[in-house]
């Protein structure tokens, strides 16, 4: 039986899940776009407020492990989902079809992500992952009248299904050897026998999760899906989905000794190197901002894979810090794209030439974009630098010189395209722009949120101590 | 707190300039000018009121120090300190910053506020580099000053010669320096981690890390990490690819900053961090560094002779001059290190003068191509004479500051590495050739086009005369400069006291 305190410990999940149900009933009763967005935001905010209570209670329900990592990830997921909801409201105003279901899908996916990061059992992991992915298909294909959006949804559906098959096969192999799906039990069993079957199982799981994280060479879906999906769906995919899957991969790497075997470490090192270099090289000549950001996120998860290779206490801290910085940076970058594409008008404004001279039309929006790109490039005084600093520190402390070299080379290559985008914002504009953000973008909720996110990038870059303290405290406990 | 203000004033001034755009064209210029004069004034005031009496040999002498905790997780402090060398370089930054604002008074006509934001932020970052003693903070400023410099070149640069756009030049500059900077970050982190492994405490403090015991297997690599970052910025020849393009495409103010101050951050980094953190490894590396320096001297000078673009020619002479500085830093002689500091200051003045002059010629002729000049002596009043003065300074004519610097470097290095000095002096001959070529092509020779050109206005006149006065002042009476920086050059010489590169380059007979 579940005790009350165990239920309390997953209060955010319960709140978000009930909000989804409530939303469904509200939509059935009466359609109202703004009210729907407000209810979703309220649910997410209440979920966020429940988090401190979560960290105070020690108990976890069966199949789940509400530890520091889960709390950090939960907070980040709820925050990103909240920002996505706010931006979606502005974006969907111009959408012709039903708007309200988007929030329903978003909340379902959020609860899936919350379940996933706390999973302590392979079955729970699977349920969480599917609950996260299924609504995403719908979100990506939401503006299904646009060909690209439908294509993005289909592509993600098909490749996700393949990845899931790999994942299930991996789990089956591990179950066959250990006879248990419980992560603790798997850990215990693997210490005793780490043979070829176990390695194959672990490798298949890495493949399955690697698809979702778009680790090279499983990254092929990324640019098309990023480009095709409506901007808010892409934001959600780039932040919440990737974060949750990475956290669960880290959890597996920390729990299962097979990940510490030399063979697995070599495999992941090679994957990490391929991902950082591949992501950056492929982004070099992209003229489409969403594709470019997609490849850039590939590269960033390449850097983060260093944490999986290291697999120690500092790795958890690094993951936490890096994910915070990556998340706010990505939210700001995609937020600007969403803002320029709002309200919805067929295709998103994602071609780079549209952004030429943005600074002279919308100085603050361009400033937000500059800050986020500087942060993506890891320039000091932005949050991105703190993340990069942590990853390099982790690589150096583990003496993984190949990975450190990869980070340095990847960052140097990455600069080229980040700078290209940045300077475009400041070039004199050739004529009248075809698409632009609304004149009063800055006074709306979405605009204010975006400015707040950009300020957060700067504040965390200049004064990261509170963030580091919070994450360090949770990652030790 | 003075140190904090020295860094903050340019940043705040820059923000003010950006916003001042709405109050008219001249508002940002005056604000920027006032800001830089303020920085210059503070540093001069500190210079006058402080005591730089020679400390005991091998001791650090800090005039001002300021420190506060920042990121306790890694033991990172905001630790600023100023000794004679930092003071000189900060004052130089203030002075050249003022010149940079003045020389772009007419050159920059669009997006004025944003231009001055970038200009002042570069200078703020440079001041930060000169004052930081925490390696993390040092790296932070080191990287941070690149971003505004990138925008300065990319947005206000000259439209390029064939196949070379300003954005490409700016991107190349950024990638070179940023990538090498990341190597330095790895070295800094490895150093801090080794110290953590030894003592169980994180620290990025200069004094603490200087005492860290580094395993012999790793130390040379860490030293190289620092050296490469500084060598790219100095620049040392195989790593100089960004410099000619960046200089050619940059607006005048950008070139003045690049040649006058940004290159000096590299020499400063070597003097402050590169050599003191790894004394033994630096000694072992000295022959290589000196050979690279020699190569830079000759290569820069030879390529300068063949340039058609006026700014490109001056850019290559910078490479040649910085070769002397590199040799001096690794010579281990106190005299040579002092010479290097004098040469750094002298080069800042003379190259700033030449870049401003070429900017003024560009404003009149709208070309930097020397094939399209010729015979300007008769058409242009006053400027040719001034150019002759700065060219003379650049080739190291006695009575100019450059002569003092080069002479001290040669004299000091001769005791330890005579062969190097002999080869390096060929650089002096080459410098005479390229200097005279510059004069000949621009001012003498067949007249390319007729018609008188306007002479300098009071602003241009004033800049040139002040620079010239400083070149002569330091050239005739360098003692105050030497006294101020004696503490640091003594330290460097002491670090090298053990081994000397004699074995490699032969002895004086």
Do the conditions hold for residue A:457, that is, is it in a helix (DSSP H, G or I), modelled with pLDDT of 75 or more and touching a strand residue (DSSP E or B) at 6+ places or on another chain (Cβ under 9 Å)? no
In region B:184-200, anything more than 9 Å from every other protein chain (Cβ to nearest Cβ), assigned to a helix (DSSP H, G or I) and free of Cβ contacts under 8 Å to residues at least 24 places away in the same chain is listed as B:195, B:198, B:199
Of the residues in region A:363-416 that are on the phi > 0 side of the Ramachandran plot and in contact with a helix residue (DSSP H, G or I) (Cβ under 8 Å, 6 or more places away or on another chain), the one that is farthest from the other protein chains (Cβ to nearest Cβ) is A:378
Within region B:168-182, residues being buried (at least 22 other Cβ atoms within 10 Å of the Cβ), at the interface with chain A (Cβ under 7 Å from one of its Cβ atoms) and under 17 Å from residue B:224 (Cα atoms) number 2
*Does any residue of region B:455-475 turn out to be without any contact (Cβ under 8 Å) to a residue 24 or more places away in the chain, assigned to a loop (DSSP other than H, G, I, E, B) and out of contact with any strand residue (DSSP E or B) (no Cβ under 7 Å at 6 or more places or on another chain)?*
yes
Considering region B:205-223, residues that are within 27 Å of residue A:414 (Cα to Cα) and within 12 Å of another protein chain (Cβ to nearest Cβ), and then whichever is surrounded by the fewest Cβ atoms within 10 Å (Cβ to Cβ), we arrive at B:221
Among the residues of region A:319-341, is there at least one that is within 14 Å of another protein chain (Cβ to nearest Cβ), surrounded by fewer than 24 Cβ atoms within 10 Å (Cβ to Cβ) and either assigned to a helix (DSSP H, G or I) or modelled with pLDDT of 90 or more (or both)?
no
Worksheet item: Looking at this structure, is residue B:265 part of a helix (DSSP H, G or I) and at pLDDT 90 or above?
Response: yes
Within region B:13-47, residues being over 13 Å from residue B:119 (Cβ atoms), within 24 Å of the chain's Cα centre (by Cα) and in contact (Cβ under 8 Å) with a residue 12 or more places away in the chain number 10
Touching a strand residue (DSSP E or B) at 6+ places or on another chain (Cβ under 8 Å), assigned to a helix (DSSP H, G or I) and surrounded by fewer than 24 Cβ atoms within 10 Å (Cβ to Cβ) - does that describe any residue in region A:264-274?
-> no
By residue number, the members of region B:224-242 that are within 18 Å of residue A:392 (Cα to Cα) and more than 14 Å from every other protein chain (Cβ to nearest Cβ) are B:226
Any chance residue A:131 is farther than 24 Å from residue A:20 by Cβ and modelled with pLDDT of 90 or more: no
Hey, residue A:349 out of contact with any strand residue (DSSP E or B) (no Cβ under 7 Å at 6 or more places or on another chain), under 22 Å from residue A:230 (Cα atoms), in contact (Cβ under 8 Å) with a residue 60 or more places away in the chain and away from chain B (no Cβ under 11 Å) or not: yes
For region B:138-167 the number of residues that are at pLDDT below 85, more than 10 Å from chain A (Cβ to nearest Cβ) and either closer than 23 Å to residue B:265 by Cα or not in a loop (DSSP other than H, G, I, E, B) (or both) is 1
Of (1) surrounded by fewer than 16 Cβ atoms within 10 Å (Cβ to Cβ); (2) at pLDDT below 85; (3) under 17 Å from residue A:326 (Cβ atoms), residue A:475 fails just (1)
Note to self: Checking the structure you have, find out if any residue of region B:339-350 is assigned to a helix (DSSP H, G or I) and within 17 Å of residue B:416 (Cα to Cα).
What the structure shows: yes
**Request:** Look at residue A:113 and say whether it is surrounded by 18 or more Cβ atoms within 10 Å (Cβ to Cβ), touching a strand residue (DSSP E or B) at 6+ places or on another chain (Cβ under 8 Å) and either modelled with pLDDT of 90 or more or under 30 Å from residue A:61 (Cα atoms) (or both).
**Result:** no
_Based on this model, can you work out whether residue B:172 counts as assigned to a helix (DSSP H, G or I), under 21 Å from the mean Cα position of the chain (by Cα) and modelled with pLDDT under 90?_
yes
With respect to residue B:115, determine if the residue is more than 14 Å from chain A (Cβ to nearest Cβ), touching a residue at least 60 places away in the same chain (Cβ under 8 Å) and not in a loop (DSSP other than H, G, I, E, B).
no
If we take region A:354-432, then helices (runs of 4 or more DSSP H) inside it with 2 or more residues that are closer than 21 Å to residue B:137 by Cβ are A:363-377, A:383-397, A:401-426
Residue hits (region B:214-242; in a loop (DSSP other than H, G, I, E, B) and in contact with a helix residue (DSSP H, G or I) (Cβ under 6 Å, 6 or more places away or on another chain)) are B:214, B:234, B:235, B:236, B:240
So the helices (runs of 4 or more DSSP H) completely within region B:362-419 holding 3 or more residues that are within 21 Å of the chain's Cα centre (by Cα) and buried (at least 24 other Cβ atoms within 10 Å of the Cβ) are B:383-394, B:401-414
Based on what the data block shows, is residue B:252 within 26 Å of residue B:310 (Cα to Cα) and surrounded by fewer than 20 Cβ atoms within 10 Å (Cβ to Cβ)?
no
Return yes when residue A:462 is surrounded by fewer than 17 Cβ atoms within 10 Å (Cβ to Cβ), within 11 Å of chain B (Cβ to nearest Cβ) and either in contact with a strand residue (DSSP E or B) (Cβ under 8 Å, 6 or more places away or on another chain) or in contact (Cβ under 8 Å) with a residue 40 or more places away in the chain (or both) and no when it is not.
yes
Regarding region A:8-20, can at least one residue be identified that is surrounded by 21 or more Cβ atoms within 10 Å (Cβ to Cβ) and outside any helix (DSSP H, G or I)?
yes
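The values are calculated or read from the model by the stated rules, or taken from the named source; none is laboratory data. Quantities reported herein were computed from a predicted structural model and do not represent experimental measurements. Virtual Cβ from ideal backbone geometry, glycine too; neighbours counted across all protein chains shown.
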